[in-house]
Every structure is written in structure tokens, then in C-alpha cells.
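Here the structure is laid out as C-alpha cells; the discussion comes afterwards.
The values are calculated or read from the model by the stated rules, or taken from the named source; none is laboratory data. Computed from a prediction, not measured in an experiment: that's the story for all the values here. Positions of Cβ are generated from backbone atoms using ideal geometry, with glycine treated the same way; all protein chains shown enter the neighbour counts. Side chains included, ligands, DNA and RNA excluded: accessible areas come from the protein's heavy atoms. Shrake-Rupley method; radii C 1.70, N 1.55, O 1.52, S 1.80 Å.
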Amino acid sequence: MNSTMKTKVVIAGGGTAGWLTAYTLVTRLGGLLDITLVESDQIGTVGVGEATIPTLRTFHRLIGIDEQEFMQATQATFKLGIMFDNWGQQGDSYVHSFGEIGQRSWMVEFHEFWMEAQAQGFGGSLEDYCLELKAAKANKFATQVGKKALNFAYHMDATAYAQYLRQKSEAAGVKRIEGRIDGVQLDSDSGNISQLILDDGAQIGGDVFIDCTGFRALLIGEHLGVEFEDWSHWLAADRAIAVQTQATESPPPYTRSIAHPAGWQWRIPLQSRVGNGIVYSSRYLSDDEALHTLTSNLTGQPTSEPRQLGFKTGRRHKSWHKNCIAIGLSSGFLEPLESTSIHLVTTALLRLMKLFPFAGKSVLLAERFNQETQLELETIRDFVILHYHLTQRDDSQFWRDYRNMPVPESLSHRMAIFSENAYVWPDDVALFRVDSWVQVMMGQGLMPAQHHGASRMLNADGLKQQLMALKHMNDKILAQLPSHADFIQQYCPAPNG
Ligand SMILES: Cc1cc2nc3c(=O)[nH]c(=O)nc-3n(C[C@H](O)[C@H](O)[C@H](O)COP(=O)(O)OP(=O)(O)OC[C@H]3O[C@@H](n4cnc5c(N)ncnc54)[C@H](O)[C@@H]3O)c2cc1C
């Protein structure tokens, strides 16, 4: 690669991953790169992926996306967490919120002070100490009240998001080519990809190829032969059916995840409609049964035909191989229980920008990229498995199998320490904080036998007063929050919202 020439980047695929890659690279490294994206309308995109986590806000700021403009363009609503129904037991419900519970302290976590209060007969519910959680349940929202900024993410229309990013990318100089990639030419010495061959015979040459072709993994899997590590023994789901419905109520600021006898259903509220879907395993449920379960649990009239999607849970052994980097579904997939896939696209992009192979030598950079990717996926895998494994449900073979299955050592270790001592630590990739693990573990019925002794160093009155003060502070802010619908109306109303 000549150092005075721009590096030629070819992105294969124009779903969320492809266009987010294009826009990120053109805004952050555009002066150094010549970027082309190839996509095929014939093939289309996966067209789901509508719930996000708060890291997307930071990422959007980094690439200069205006929040209000983005929300209007994608019919977006705010998301303060996920409400899980029927996961621990049928009929129960808890929220995994994005907020902080209580107050941080360096030695003893807040839930341990709360457990001490419970042991002494006061303290109320742990939920009382998390503003975002209370706001979610009260259907209230604002980005900020006084000095208190809420921690939130978005629900958005996935197709509109890719279109929005496409329009911005093309305006910023990304070249788009419509066409089906039918083949790939490899350099016989290095094994690198030298060009993509399209159905009309056109050849698209480049220095770096980004595989954003979705589950098909056309470049990294089909042509470079990087194998897939299958995790379906831990996460059995391999299918989903998605359908859109009319909204029947003002949008709540949270995603709903409703567990069924063999799978679970999502409900994602947008300004103009609701996205629904069922995630299930073909080992336990037929497609007809899944469709019936989904359609029997919709709250509004369908506005689209149900769409069937198949997937494999797991990861590519390497996301970066030779001069090809897989981003998005081509690099791996974990079912959408904690809405982490778009997040994984953004972290892959952050890594790629830091490790970009400008000098052409990429073996060590790729190794580093692959190690970080693996750790991140394994962390999310453990967190998703936790939801299934930690259940008391006994009403179907599906739940019985999940309850009894062996889980990864990293997860069983975490659950054992919590169960005995209430100790929790943030995960290795700083994604799920202490509060996330606590909310899911306690939410699904795992109450620790003991908690840290230092929580008893405060006398009962002192502890009571501190808890009351925190609760009152949340109640005061909650009273000032507008309804979620009113906030959207004044902040980011979509044209057809
Ligand atoms: C059921 C389900 C629910 C999900 N829910 C969430 C969620 O709530 N939150 C979240 O963060 N993520 C979610 N995801 C994941 C999310 O949808 C994806 O991470 C995201 O859409 C990125 O997909 P992609 O761009 O990698 O692939 P795709 O959208 O499949 O795009 C692939 C692109 O490659 C192109 N292509 C493929 N083959 C060729 C070819 N031969 N020639 C030319 N072009 C080609 C296609 O035309 C398309 O443009 C969900 C996924 C599933 C399956």
C-alpha cells in the first residue's frame, strides 16, 4: 500500500452493520480512505434490530449523529430498560433497567446495604432506589431533570435507521454499488481478497474488505473458510418470527420480554407502531405453534405479514482474517434478549478504527481484534444464558432443560459467589455493570445467603435515614418527569408518529 494513497475499503452488505460501518469510517477516517459499499436489493436486509442499549448514544456522539434528527428519522422512542415477564416463574415480572441502584460505594455494593436493611425489617423494594426503573414503570421520561441525567437507549425502526445512515454516508462521500456479489478473487500469494465479482461481471478491488453480509458471512465464511463456533448447546433458540402491529397505547419507555412455555416474545414500542417477535428453538416448538403463540399475544392489529427468520447462535473463530473484517451478523450472533447486536457492531468499529491496518501488516492487529471480540461475545453469552438457566419454571421440557443444563464455568462461578456472599463485579468488557447482574439475578429469584459484614457498621437508624433520603430524592425527580409520550412530542416527534 502506498502511504500517500488512500486505503481502498470495500464494504460488502448494506444492512445496519454495513451502513453504520460506512458512516463511521467516512466521518472519522474519511480523509484517509476511499470507501465503496456493495449491497443487493434482491437479497435485502434482516430488517429487525430495533432495541438498543445506552452505549449507542456515546457512539452516535462520536460520529456526530444528532439525537433529535436521528429519532425523528427512525420513529424512535426512549428505552430505560427491559421488563422481563414470566422468566423466574410464570406470573412474575422484573425490570433490568439502565439506571444505577442507590449509591455507589467502593467496598460494599448498594444491594448489600439493602439486604442488611431487609434483615432488620425495613428498606422496601430494591426497585425504589433506581430512578430509571421507577420512571419506566410510571411511563415517564426526560433526558435530564436539573442536574440528574437519566441513562437511556432507544427503540427505532431498523429499516429507517439503515436508510438514514445510507443517506448521510452517501452525502459524506461513500460510493454505493447496487449488485449481487457472486464471487471473490483471492491473491494467490497472500490469500487476501483482491476483488469482489458482481453478478454483472463488475470487479470491485480493494485493500481492506469488510464483511457485513449478515448471517451468510459471504466473505469471511464462504470464501475465506473461517469456521463458526456453535453455541446452540447453551442457547437453543434458532428461529424467530417478526410482525409489526398498530400501537394501542402510548409507547412505554422500555422493551418487553415475555417468556412463553418454549421461547419468548419481544414487544418494542416505536412512535408509530409496535415491533413484535417470538424467539424460539425448533427443537422444542414448531413454526406453526410459534406463530400461534405470537399472534395470540399481540396487543394491536398486525400491519405486516409475519416474517420467519432462522439463525445460528455462536461466533466466527476469527472476525478478522487476512484483509477481511467481519462486522455484524457475519461475525456472530447472540439472540436479542439483551439487545446487544448493534452494540457489538459499534464496539467492532471502535476496535477497527484503533487497529486499522494502514501499514498493510495486519497479523498482530487481527490477533488483538479477535481476542477482544471473543471476550466480549463470551461475556454477553454468559449474561444471556443466565436468564434462561436461572429459572424456577417447571412447566415445559424447554425450561426444565435450561434449569438443568451445565453452564460455562465463568457463569457458574459468578452465580456461586453471588449465591453465597452477594458479591458481584462488573464484567471484563465493562458492558454489564454490577447493577445489571444484580437486577437479573435477584429478579429471577437468586437471593444471596449472606452479604458483606461492613453493611452492619452503620447503625439501624443511620441506614434507615440514608435509604429514606435516596428514595425521597428519586420520588422528587419522578414527580417532575413528563410522560414519555409528552416528552417525545416536544423533543423528537416523527412526521408520521
Ligand atoms: C430476530 C432478531 C432480532 C433482533 N433484534 C435485535 C435488537 O433488538 N437489537 C439489536 O441490537 N440487534 C438485534 N438483532 C440483530 C440486528 O438485526 C443486526 O445486528 C443488525 O441488523 C445488523 O445486521 P447486518 O447488517 O449484519 O445484516 P443484514 O441486515 O442481514 O444485512 C446484510 C446485507 O448484506 C447484503 N448481502 C448479503 N449477501 C449479499 C450478496 N451476495 N451480494 C450483495 N449484498 C449482499 C444484503 O443485501 C444486506 O444489505 C436481531 C436479530 C434477529 C435475527
(request) Starting from residues that are touching a Gly at 6+ places or on another chain (Cβ under 8 Å) and open to solvent by 20 Å² or more (accessible area, probe 1.4 Å), keep the ones in the stretch 313-323 and report whichever is nearest to the ligand (Cβ to nearest atom). (result) ARG316
(request) Go through the residues of the stretch 324-344 one by one and say whether even a single one is of a type outside the set (Val, Ile, Thr), away from the ligand (no atom under 12 Å from the Cβ) and outside any helix (DSSP H, G or I). (result) yes
(message) Given the criterion open to solvent by 10 Å² or more (accessible area, probe 1.4 Å) and at negative phi, identify the matching residue among ALA153, ALA172.
(response) ALA172
(message) For the stretch 118-133, give me each residue that is touching a Leu at 6+ places or on another chain (Cβ under 7 Å) and open to solvent by 20 Å² or more (accessible area, probe 1.4 Å).
(response) GLU127
(request) Pick out the one residue from MET83, MET115 that is crowded, with 17+ Cβ neighbours inside 10 Å, away from the ligand (no atom under 16 Å from the Cβ) and under 16 Å from MET442 (Cα atoms). (result) MET115
(request) Give me a count of the residues in the stretch 345-372 that are part of a helix (DSSP H, G or I) and either more than 9 Å from the ligand (Cβ to nearest atom) or not assigned by TED's automatic domain parsing to the domain that holds ARG28 (or both). (result) 19
(request) From ALA142, ALA162, grab the single residue that is open to solvent by less than 20 Å² (accessible area, probe 1.4 Å) and in a loop (DSSP other than H, G, I, E, B). (result) ALA142
(message) Which of the numbered conditions does TYR94 fail, given that it passes all the others? Conditions: (1) among the hydroxyl-bearing types (Ser, Thr, Tyr); (2) assigned by TED's automatic domain parsing to the domain that holds ASP199; (3) surrounded by 20 or more Cβ atoms within 10 Å (Cβ to Cβ); (4) more than 9 Å from the ligand (Cβ to nearest atom).
(response) (2)
(request) Name every residue in the stretch 88-140 that is at pLDDT 95 or above and of a type in the set (S, T, N, Q), in order of residue number. (result) GLN89, GLN90, SER93, SER97, GLN118, GLN120, SER125, ASN139
(request) Kindly indicate which of GLY30, GLY15 is within 30 Å of ILE197 (Cβ to Cβ), within 16 Å of the ligand (Cβ to nearest atom) and out of contact with any strand residue (DSSP E or B) (no Cβ under 7 Å at 6 or more places or on another chain). (result) GLY15
(request) Output the number of the condition that HIS387 fails; it satisfies all remaining conditions of (1) open to solvent by less than 30 Å² (accessible area, probe 1.4 Å); (2) closer than 21 Å to ASN192 by Cα. (result) (2)
(request) Within the stretch 262-273, work out how many residues are more than 13 Å from the ligand (Cβ to nearest atom) and part of a strand (DSSP E or B). (result) 1
(request) Return the total of residues in the stretch 189-222 being free of Cβ contacts under 8 Å to residues at least 40 places away in the same chain and either closer than 21 Å to TRP320 by Cβ or within 24 Å of the chain's Cα centre (by Cα) (or both). (result) 4
(message) Which condition from (1) open to solvent by less than 10 Å² (accessible area, probe 1.4 Å); (2) charged (D, E, K, R); (3) more than 12 Å from the ligand (Cβ to nearest atom) is the one that ASP211 breaks?
(response) (3)
(message) Only one of LEU375, LEU298 is open to solvent by 10 Å² or more (accessible area, probe 1.4 Å), over 17 Å from GLY49 (Cβ atoms), assigned to a loop (DSSP other than H, G, I, E, B) and of a type outside the set (Val, Ile, Thr). Can you tell me which?
(response) LEU298
(request) Check off (1) over 19 Å from the mean Cα position of the chain (by Cα); (2) open to solvent by 10 Å² or more (accessible area, probe 1.4 Å); (3) of a type in the set (A, V, I, L, M, F, W, C) for LEU62 and give me the number that stays unchecked. (result) (1)
(request) With respect to GLY310, determine if the residue is farther than 30 Å from ASP85 by Cα and surrounded by fewer than 19 Cβ atoms within 10 Å (Cβ to Cβ). (result) no
(request) Return yes or no: is THR52 over 30 Å from TYR402 (Cα atoms) and near the ligand (Cβ under 10 Å from one of its atoms)? (result) no
(message) So, restricting to strands (runs of 3 or more DSSP E) that lie completely within the stretch 195-247, which ones have at least 1 residues that are of a type in the set (Val, Ile, Thr) and closer than 30 Å to ASP401 by Cα?
(response) 239-246
